[in-house]
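A quick write-up on the structure given underneath.
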Amino acid sequence: MTSRRRFLQIVAGAGAALGGCQPSSPNRSAMAPAANGQGAPTAPVRIPANRVAIAQDPAIVSAERIDAEAVDRLLGQALGRFAGTGDGDAVLRALFRPSDVVAIKANCLSGPPVSSHPELVAAVARRLTKSVGIAPDNILVYDRTAGELEAAGFGAQAADYRVIGTDQVGYDDEPTVSGQAGSCYSRVVSEMATAIINVPVLKDHDLAGLTGALKNHFGSIHNPNKMHTDHCCPYVADVNCAPHLRDKQRLIVYDALLVCYDGGPGYKPDTTLAQGAVMVAADPVAADAVAFDRLEKLRNHHGLPPIAGTERAPKYIEVAADAEHGLGVADLKRIEVC
Amino acid sequence: MDRREALRLMGCGLAAGAALGALPSCANAAGYMSEARYYDKLAGLKVRCQLCPKQCVVGDRERGFCGVRENRGGKYYTLVYGQCAALNLDPIEKKPLFHFLPGSGAFSIAAAGCNFDCKDCQNWEISQARPEQITSATRMLPNDVAAGAKRYGAESIAYTYSEPVVFYEYMLDSAQAGHRVGVRSVMISNGYIRPDPMKALLPHLDAVKIDLKSISEKFYKDYCVGELAPVLETIKLVKRSGKWLELVYLVVPTLNDSDATVREMCRWVRANVGAEVPLHFSRFYPNYQLKKLPPTPYETMERCWKLAREAGMSFVYVGNVPDTPHVNTICPGCGKAVIKRSGYAILERNLRNGTCRFCARRIPGVWE
């Protein structure tokens, strides 16, 4: 039986409902104006909340460069698979409105090449503009500092989006307490943005096992160093439960163009592989569960022991899915990978 | 500046160098860092910090729990050396140190960071911040700190507000610089430090105040993300060193204020560092992540004071409470006030060469 909790109801120009994640901004009218602002009704798009779509072409990544046009095609494929109809733009029109201010969370901590790739982020931004009608000025690519963003290739002069380091706009004046985590959130997510797209990088993490969609938001808070105790659990889940993130995050675009399968999160050339993959999901827990599964398979393929069962296994993924957190689905058997 | 003017300035925030513009070498501190002194290099460009009991294992480009020490390519750095995030000329009583140069000024400095995550931190804007988040921080190297203290007539430099353990190198070098110009140093700390760095630091300190936040490991784990046992070891270590020691116990309603808990804490203190260590009960105010609790009732503060006295503690004080008589230093011999205070101000001093003027009983402390 299909429950409301299991399905992401996406209606053109309306909002999404994802288990414990209740986006608060978009209205839910089935006859909401189309995102192009023309008022034409669009057929509802119905997507299982636990769907994770993957598009992959390792050939688009070489040691010298990443083919930006190919990355855009790959993103289109992943969005189309996520939609189930092949029409990826319909997903964007359903999830976002032209009036949205969309924050794109890049992950730039480790510098290139294991940061979110500017080619992928630009592709996301261009599609938001072209398909939804969101002005580039209202697309904010952010991370902790402008310096880290610049080092990862996000120059301040980008045409498709604005680049904002939280060090330029600051954090909330008061902490938000969420479970065991208490943090001040970046003003980009708490004040400026109405919606968030998370663009994590698929990497091994020496403490947390995996750094992906959920953990990427350690870059949205002022005190990530306080959240690494006990292998980041339950802190990763708690940080993501804060309303600033839970209510605004609508899409995950997983950057698996290059994957660091051991020795992360810093760049390790010997264990970083060109995978040329992009994953799209609305459920950050499902996205991380699938990402971790791929990470384990890569490790196995290269003769490395599994992370699961060790003390650094990313237990926070299951915790994020528990009844207290309700952030998504962690059980691979319940996740539709397409 | 004479002593009177310095005292007039006490308690006035000298916002991170703004009021000390004439001091030497005060420049923007952005990006300043220095190699950390206590860490091991591990395989895979990792390091293990050996400064505090957390002993964080830190990967390349990551930071320890404190947020102010970073691994860069297998080398561990402090990011706060010489990076002064707060600067005040405080009365020493504000630390609080009641038996150490009473009435003197303490040139009080802090850098970002802490190795605890206390849910009720009163200075969380500094202590729970990463260095780059404090844009008002000013570069002030150890010699500048010593010179500033001297210039403002302070008798000591206080490492305070945040947690000086995490700016250890800066504190150590400043303490040495202070001693070179005749200024003493006091460490205002949570006591969460490993024995070796503390032993290396103690010769350069003159007094240490330690927050004993509870006598319960569970409290330390749940509300501080720390541990009690290493703190107790540091308290004993300071006492054994002969350096002046005072303790503060922040009384948090419902969490550490039961009769049994307070009695147990007092028993430990008396048994391990003696009845004459000054013990300050400080009143909690809701702050940071612990706003659901009310301020500690005055009655609770009074009860704690009585429990400590009943437990045999000789010098028990109450802080953050207006108009309390429990800020006076009472001679255990004759029961008269050897130092009368109003808040942080000294009203009357009845000490003579470290003894009670009325009965000649020795009053422990550093008085000159």
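A compact table of results
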| read-out | value |
| --- | --- |
| Computed over chain A: relative contact order in percent, which uses C-alpha pairs under 8 Å that are six or more apart | 20 |
| Percent accessible area from carbon and sulfur atoms, the range B:204-358, protein chains only, probe 1.4 Å | 50 |
| Computed over the range B:194-268: relative contact order in percent, which uses C-alpha pairs under 8 Å that are six or more apart | 40 |
| Other-chain or far-sequence residues with amide H under 5 Å of B:Tyr76's (modelled H) | B:Ala36 |
| Set of lysines near A:Lys105 by C-alpha distance (under 26 Å), chain-local residues within fewer than 8 positions excluded | A:Lys130, A:Lys203, A:Lys215, A:Lys226, A:Lys248, A:Lys268, A:Lys315 |
| Under the Karplus curve 6.51 cos²θ - 1.76 cosθ + 1.60, θ = phi - 60°, whole-Hz ³J(HN,Hα) for the range A:185-201, x wherever Gly or Pro sits | 8, 3, 5, 4, 8, 7, 10, 8, 8, 9, 8, 10, 10, 9, 10, x, 10 |
| Prolate/oblate/rounded label for chain A (Cα gyration tensor, a/c 1.5) | rounded |
| Karplus-derived 3J(HN,Hα), 6.51/-1.76/1.60, for each residue of the range B:292-297, Hz, glycine and proline x | 7, 8, x, x, 4, x |
| Accessible area of B:Glu155 in the full protein assembly, 1.4 Å probe (Å², nearest 10) | 60 |
| Cut-off under 5 Å, modelled amide H: who pairs with B:Ala106 long-range | B:Asp90, B:Ile92 |
| Near-label residues of the range B:204-245 by backbone N, under 14 Å of a point 7 Å along Cα→Cβ of B:Arg267 | B:215-216 |
| Amide hydrogen neighbours beyond the local backbone of B:Ser282, cut-off 5 Å, H modeled | B:Tyr249, B:Leu250, B:Val251, B:Gly319 |
| Within straight-line cross-link reach of B:Lys340, aspartates and glutamates at Cα separation under 19 Å, skipping those fewer than 8 residues along the same chain | B:Asp90, B:Glu93, B:Glu246, B:Glu276, B:Glu302, B:Asp323, B:Glu348, B:Glu368 |
| Accessible carbon and sulfur surface of the range A:153-249 relative to its total accessible area, %, 1.4 Å | 46 |
| Accessible-area ranking of B:Trp305, B:Trp124, largest first, probe 1.4 Å | B:Trp305, B:Trp124 |
| Other protein chain Cβ atoms within 10 Å, averaged over every residue that makes up A:254-267 | 2 |
| 3J(HN,Hα) from dihedral phi, the range B:67-74, Karplus parametrisation 6.51/-1.76/1.60, rounded to Hz, x for glycine, proline | x, 10, 10, 10, 8, 10, x, x |
| Residue-averaged 222 nm ellipticity for the protein assembly as shown, from DSSP H runs of 4+ at -39500 (n - 2.57), nearest 500 | -6500 deg cm²/dmol |
| Distance between modelled label sites at B:Phe358 and B:Asn287, nm, 7 Å Cα→Cβ extension | 3.5 |
| C-alpha long axis of helix B:298-310 to longest principal axis of chain B, angle in ° | 80 |
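The values are calculated or read from the model by the stated rules, or taken from the named source; none is laboratory data. Only a predicted model underlies this, so the values are computations on that prediction, with no experimental measurement involved. All Cβ positions, glycine included, derive from the backbone under ideal geometry; neighbour counts span all protein chains shown. With ligands, DNA and RNA removed, areas are computed over all heavy atoms of the protein, side chains included. Shrake-Rupley method; radii C 1.70, N 1.55, O 1.52, S 1.80 Å.
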